[in-house]
Amino acid sequence: SSPVFEPPNFKIPESVLVVIHTPEREVLLIERADNPGFWQSVTGSRDAPDEPFLQTAVREVMEETGINAPPGRFCDWSVSNVYEIYPAWRSRYAPGVVHNTEHVFSLCVPAGIPVRLSPHEHTACQWLPYLDAADRCFSPSNAEAILLLPKFMA
């Protein structure tokens with residue numbers, strides 16, 4: 001019998017960015033396990049091409065922070081950023097894919113909510129005033145999103 005060929009499971013170049021914040025505009029940042037010193041908001045790619053972005057946001061927040069928030073608590077900013085995928089991470093995508101489209105959401109949570117990190121993805125977390133959080137982010141699109149937070153808070 002011939003071997004079964006399994007196609008590689010490439011990441012989908014469409015993702016979400018979720019700015020998690022308190023009513024006082026304290027923003028949660030998490031430090032990447034694969035890049036110490038790289039602080040960011042919750043991010044993650046769609047699991048399937050037809051997965052709704054809101055579902056991706058809910059899943060990624062749960063996976064990366066342990067915060068189980070219902071879909072109705074998320075605010076879809078109707079903002080998307082297209083950026084070049086860092087060369088070090090391009091092998092995760094199909095050959096020739098160099099850009100990702102990121103859809104921005106926010107999630108307001110009570111101050112002091114427990115955060116449970118996924119240890120293989122993130123090693124530390126911190127709550128910072130939003131301007132400080134924007135300064136700490138390694139991703140320019142993440143920093144820009146955090147700076148827009150006051151505009152999207154009710």
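The values are calculated or read from the model by the stated rules, or taken from the named source; none is laboratory data. These figures come from a predicted structure and were not determined experimentally. Cβ: placed from backbone, ideal geometry, glycine included. Neighbour counts: every protein chain shown. Just so you know, the surface numbers come from the protein's heavy atoms only, side chains and all, with ligands and any DNA or RNA stripped out. Shrake-Rupley method; radii C 1.70, N 1.55, O 1.52, S 1.80 Å.
Among the conditions (1) farther than 26 Å from LYS151 by Cα; (2) at pLDDT 95 or above; (3) open to solvent by 40 Å² or more (accessible area, probe 1.4 Å); (4) not small (Gly, Ala, Ser), GLU51 misses just one, which is (3).
Kindly indicate whether any position in the stretch 23-30 is at pLDDT below 95 and open to solvent by 50 Å² or more (accessible area, probe 1.4 Å). Checking the stretch 23-30: not a single residue is at pLDDT below 95 and open to solvent by 50 Å² or more (accessible area, probe 1.4 Å). Taken as a whole, the condition of being open to solvent by less than 50 Å² (accessible area, probe 1.4 Å), in contact with a Pro (Cβ under 9 Å, 6 or more places away or on another chain) and touching a residue at least 24 places away in the same chain (Cβ under 8 Å) does not apply to ILE146. Only a single item in (1) out of contact with any Ser or Thr (no Cβ under 9 Å at 6 or more places or on another chain); (2) surrounded by fewer than 17 Cβ atoms within 10 Å (Cβ to Cβ); (3) free of Cβ contacts under 8 Å to residues at least 60 places away in the same chain is not met by GLN126, and it is number (3). Restricted to the stretch 86-139, and to residues there that are touching a Lys or Arg at 6+ places or on another chain (Cβ under 7 Å) and among the aromatic types (Phe, Trp, Tyr), the residue that is nearest to ASN9 (Cα to Cα) is TYR93. Quick check, is GLU60 of a type in the set (Asp, Glu) and surrounded by 15 or more Cβ atoms within 10 Å (Cβ to Cβ)? Judged against the criteria, GLU60 is a match.
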